[in-house]
Amino acid sequence: MTFSSANHPVGIIGGTGLTTLSGLEIIGQQQVDTAWGSPSAGLVEGRLGDQPVIFLSRHGNPHRIPPHQVNYRANIQALFEAGVRTVVGVNAVGGIHRDMGPAHIVIPDQIIDYTWGRPSTFFEGELDEVTHIDFTWPYDGDARQILTDAAGGSGAPFSDFGVYGATQGPRLETAAEIRRLERDGCDLVGMTGMPEAVLAAELGMRYVCLGLVVNWAAGKSEHIITMAEIEEAIEKGMSGVKSILEISMAGLGELTPLSRSS
Ligand code: HPA
């Protein structure tokens, strides 16, 4: 089946600090169910500029589902069934790279998965064949370029590269764990990047991450990590995230769906 891009809303999965998306002109809200259970919250249908958008709060609204208990499969499946073929995952992250301090925005290009015990594939149960999807480039190149251009236009401080280390949580890391992640090549650390990215890839969706650094990762500053510091960075950085979303929406909406997703 071929779709015209106009049929495809862009999906936005909001994380910590983005439970609702101000600026979204809301058209409706739907509680949906999937074969994998219920998503974290209702799907909020709306428009950002002229672009149809479906917004989903990853941790529920109000914020209550911890990262290791998010039903990532239901979230991605619900967006897919609602017609979404391009997803922007907004993630609060800790900064490891020296240029990625609080309120910095990152559009990562790679991910390392340190999570465990999370249902992380759609391909299980009674299968006709075993499927190993290619995941060399976990983030969609075209969508990353659009976000990068939008970030340049937004005036917000950002980096257009970075390796996202996905940890299990919900606790933050030890300083030694962060040193290990750094040796592995991670530039930022977060708890929600996986399995979201791979599930989107399994359904052939374009997926891209927009990370907002909300604290220096453990051991990267003189202090322990406090909620006050995190809230301050969210307050400071979220307007940049929102303006990148607004600027990029039309371009993301024009992307043709990957053929694997039809
Ligand atoms: N570690 C893991 N996840 C996070 C962090 C962190 O320092 N900050 C925000 N999410």
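The values are calculated or read from the model by the stated rules, or taken from the named source; none is laboratory data. No experiment lies behind these values; they were computed from the predicted model shown. Positions of Cβ are backbone-derived with ideal geometry, glycine not excepted, and every protein chain shown enters the neighbour counts. In case anyone asks, the SASA skips ligands and DNA or RNA and just uses the protein heavy atoms, side chains included. Shrake-Rupley method; radii C 1.70, N 1.55, O 1.52, S 1.80 Å.
Just a few scattered comments:
- Every condition in (1) more than 16 Å from the chain's Cα centre (by Cα); (2) not in a loop (DSSP other than H, G, I, E, B) is met by Val87 except one, and the failing one is (1).
- Every condition in (1) under 16 Å from the mean Cα position of the chain (by Cα); (2) touching a residue at least 40 places away in the same chain (Cβ under 8 Å); (3) surrounded by fewer than 22 Cβ atoms within 10 Å (Cβ to Cβ) is met by Pro67 except one, and the failing one is (3).
- For the range 161-183, taking the residues that are open to solvent by 50 Å² or more (accessible area, probe 1.4 Å) and assigned to a loop (DSSP other than H, G, I, E, B), the one that is farthest from the ligand (Cβ to nearest atom) is identified as Phe161.
- Screening Arg179 against (1) touching a residue at least 60 places away in the same chain (Cβ under 8 Å); (2) over 23 Å from Arg118 (Cα atoms) leaves a single unmet condition, (1).
- Hey, Thr115 over 18 Å from Met205 (Cβ atoms), β-branched (Val, Ile, Thr) and either out of contact with any Leu (no Cβ under 9 Å at 6 or more places or on another chain) or open to solvent by 10 Å² or more (accessible area, probe 1.4 Å) (or both) or not: yes
- Residues of the range 190-248 classified as β-branched (Val, Ile, Thr) and farther than 17 Å from Pro108 by Cβ, total: 6
- Against the list (1) crowded, with 23+ Cβ neighbours inside 10 Å; (2) not in a loop (DSSP other than H, G, I, E, B); (3) not charged (D, E, K, R), the condition Thr192 fails is (2).
- One residue stands out in the range 14-43 among those that are among the hydrophobic types (A, V, I, L, M, F, W, C) and modelled with pLDDT under 95: the one that is farthest from Val214 (Cα to Cα), namely Ile27.
- The residues in the range 221-231 that are under 15 Å from Glu173 (Cβ atoms), surrounded by 13 or more Cβ atoms within 10 Å (Cβ to Cβ) and more than 9 Å from the ligand (Cβ to nearest atom) can be counted, and the count is 1.
- Checking Ser40 against (1) open to solvent by 20 Å² or more (accessible area, probe 1.4 Å); (2) closer than 28 Å to Phe158 by Cβ; (3) away from the ligand (no atom under 16 Å from the Cβ), the condition it does not meet: (1)
- Qualifying position, being farther than 22 Å from Asp113 by Cα and free of Cβ contacts under 8 Å to residues at least 60 places away in the same chain, among Gly46, Gly23: Gly46
- Out of Ala103, Ala74, sole residue that is in a loop (DSSP other than H, G, I, E, B) and either over 14 Å from Pro195 (Cβ atoms) or free of Cβ contacts under 8 Å to residues at least 60 places away in the same chain (or both): Ala103
- Residues satisfying the criterion are present in the range 205-217 (criterion: in contact (Cβ under 8 Å) with a residue 60 or more places away in the chain, farther than 23 Å from Gly46 by Cα and open to solvent by 30 Å² or more (accessible area, probe 1.4 Å)).
- Val93, sole failed condition from (1) of a type outside the set (Phe, Trp, Tyr); (2) at pLDDT 95 or above; (3) surrounded by fewer than 23 Cβ atoms within 10 Å (Cβ to Cβ): (3)
- Pro62 fulfils the conditions (1) in contact (Cβ under 8 Å) with a residue 60 or more places away in the chain; (2) open to solvent by 20 Å² or more (accessible area, probe 1.4 Å) except for a single criterion, (1).
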